[in-house]
Amino acid sequence: MVERNLNKARTRPNTACTECQRRKQKASQLDREWPCNHCQARKIAHLCKFAPKRAVRAANSTACQTRFAEGLQKPKEYSTQEPVTRIDRGASNHDDFKLLGYLPDFQNVPDRGDETVGDSQGTLSSEMETALRTIPGKPYTDILIQHFLNNTNFQYYALYPPAFMHDYSSWWSRKTNGLPLSPGFTCLILRVCACSVPYLDEVIRQKLESELGDTDSLSVLYHTTAKQLSSTIGPGKGGMTQIQQLFLTAQWFKTEALFVESWHALGAAIHEAQEQGMHRTALGSKFSDFDREMRRRLWCILYAWDWQMSLLLSRPFIINSSCCVFEMPNLQLEAIDSELESPSPMAHMVLQCQIGLAISKIPGVMSGVLSPSQAISIQEETGKWFDSFPPAYSISDPDTQWDDTHQFVKLHRFQLHVIGYMVMLMPLKQCLTKHFDSSSSSMEKSFQITAVENALKLLAACDDLLRHILPLNAKFHFAPFLLFDTASLLCSAIVHDKDGSLPQRENICKAISKTLHELGRLSERARTGMICYRALKKLVTCLSLGSPESISTESKTPQSLIDVPPTLLAGTGTADPLVCFPTTDLPPHFSENHQVFAPTPLDSNSLDPFNSTTDLFDIDLGGLGHIWDWGNLEIDFLTGSFG
């Protein structure tokens, strides 16, 4: 009887997760839902794991078999070798298929445990040695890491801070003890440092520059060193860490206004994610609940970036949504009992993924063709999307109770509003420059009215976003680019408005004037802002407007900027938009895209080249030149013909 009771005690399943068992923390049956309440409250959800029930049964069965086998003779020799032979043959076949280019079984990709433990090789590769020399001392790296997690990471939330800091501490511990290090995680540290530097506030920037040197050069150095080390990691070898560091590569390129390079880097991250099976459902016991959640989050971020960049850059979608399984994250990692209704820092990316999936189902969108006839469907889908927002992100009368305690809420709210109006305007852009006469249908005319309304709403949303991100996130490209793109489109609409029938023409002029002012403020802080400001100002001076519609440019110049830190000003006299982007000495091995970091200073005659129209198309758009051109405005200034 005693023996039977002991056996029952052994087979009774433990409802606590492995971490709570280690802490001797009791849990109820309800706590088996991942993440459990205890781990969630301690913010260690990445350590919360439950042993599968079949694993418990297998362990009990093994124990019984062991006890039973104690009185039996040892099995024959050949019976223990047969399964090994079969496994080896299966592994060989798997490798053969992989060599032929077939995607591997996604259950065989490395999990998180393979990422933080380095190779057992006794010697380091030259790329790894360079990376370890490049990473600054721990106090400086800690500053960059914390700044990224507390600020820059909230733009897209590609890293889950508790899990990253756990692996980060382990990495430094292994480095200190001379143990092998993971190339993938070493790359990730460099990528985080590279992405953190452009967004430093002046106090931290001055501190680091006094100790380490010019921060712009450091950002380039971290990026190029990570690029070299990343090239040593084969496809499908780095786990989730490899995907994260490849995505941060795309984010870094975007920060530096290298949009085409960013799109290609995004493709590399997506292909790595597909190599690891993230486009499929993660089943089986191979992945923990946390790993599944992170896989869903990364795939969600990649898809959101894909559809946005594809539409903005007029490029094909990299991800074919019809061939993928989309499992949205459950967003429970950051929630605790006292804040069940607080927004998750990942919620804005989930919403962006959802609107991308919705519009991708509309015929023609996946091929990059957006016509006015699709506008109605897109307006309806976007309206439904706006209605699905949590109260904190509502398009009208948002709940602002979290704005002060959760710094990401306002940023994400403004981002979502901008994206929504951007989507609504996209298929209607050509309606702004189209001439309508008595033969035009009422539907065509209504399209133009809707286009103007969406353009004005988009400018207002961009203005809200820009005011929020300044001055710390001045290099966050999204707001200035859309401000410039939309205002330029409205300038073209005015040029093509032969009979003065353009709806809300006076409001359009006011919006353009305000946009020019905001870009002027931004021109002191970011090269993208400077380029957009100069190009838009040049375009505005070419418009023929009546006195009630005049767009003043004199008082909106960089000299009249407000709230600009003294360290960012050029001093007395005319402000040089490039003053905070001096020519820097680049590493010898860095040769590509050097024009962004060593721009040619403007001479005194080029600071205000707005008195003629003949050289309008000669304005250097920098990285914008690859994705935006004057031709899309359908204005022929060279021949003096407007429209």
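For this structure, a couple of remarks:
- Within the stretch 188-214, the set of residues being surrounded by fewer than 19 Cβ atoms within 10 Å (Cβ to Cβ) and among the small types (Gly, Ala, Ser) comprises Ser210, Gly213.
- Just one of the numbered conditions (1) surrounded by 22 or more Cβ atoms within 10 Å (Cβ to Cβ); (2) modelled with pLDDT of 80 or more; (3) in a loop (DSSP other than H, G, I, E, B) is not true of Gly500: (1).
- Selection count where residues are among the polar types (S, T, N, Q) and assigned to a loop (DSSP other than H, G, I, E, B), scope the stretch 154-187: 2
- Index of the failed condition, Cys300 passing every other in (1) farther than 24 Å from Pro345 by Cβ; (2) buried (at least 22 other Cβ atoms within 10 Å of the Cβ): (1)
- Of all residues assigned to the stretch 214-223, none qualifies as being over 21 Å from Thr186 (Cβ atoms), free of Cβ contacts under 8 Å to residues at least 40 places away in the same chain and among the acidic types (Asp, Glu).
- The residues of the stretch 302-349 that are modelled with pLDDT of 90 or more and acidic (Asp, Glu) amount to a single one, Asp306.
- Elements of type helices (runs of 4 or more DSSP H) in the stretch 364-481, at least 3 residues being touching a Phe, Trp or Tyr at 6+ places or on another chain (Cβ under 8 Å): 408-425, 442-469
- Residue count for the stretch 271-291, restricted to those that are closer than 17 Å to Met349 by Cα and surrounded by fewer than 20 Cβ atoms within 10 Å (Cβ to Cβ): 0.
- Enumeration of residues in the stretch 181-197 that are under 10 Å from Phe148 (Cα atoms) and not hydroxyl-bearing (Ser, Thr, Tyr): Val192, Cys193, Ala194, Cys195, Val197
- Residues that are in contact with a helix residue (DSSP H, G or I) (Cβ under 6 Å, 6 or more places away or on another chain), under 20 Å from Ile143 (Cα atoms) and not aliphatic (A, V, I, L, M) were ranked within the stretch 215-243; the one that is surrounded by the fewest Cβ atoms within 10 Å (Cβ to Cβ) is Thr215.
- All positions within the stretch 225-265 that are at pLDDT below 95, of a type in the set (D, E, K, R) and part of a helix (DSSP H, G or I): Lys254, Glu261
- Test: residue in the stretch 278-285 that is under 26 Å from Ala131 (Cα atoms) and in contact (Cβ under 8 Å) with a residue 60 or more places away in the chain: no
The values are calculated or read from the model by the stated rules, or taken from the named source; none is laboratory data. Given the structure is predicted, the values throughout are model-derived calculations rather than measurements. Because the Cβ atoms are built from the backbone with ideal geometry, glycine has one as well, and the counts that use them run over all protein chains shown.
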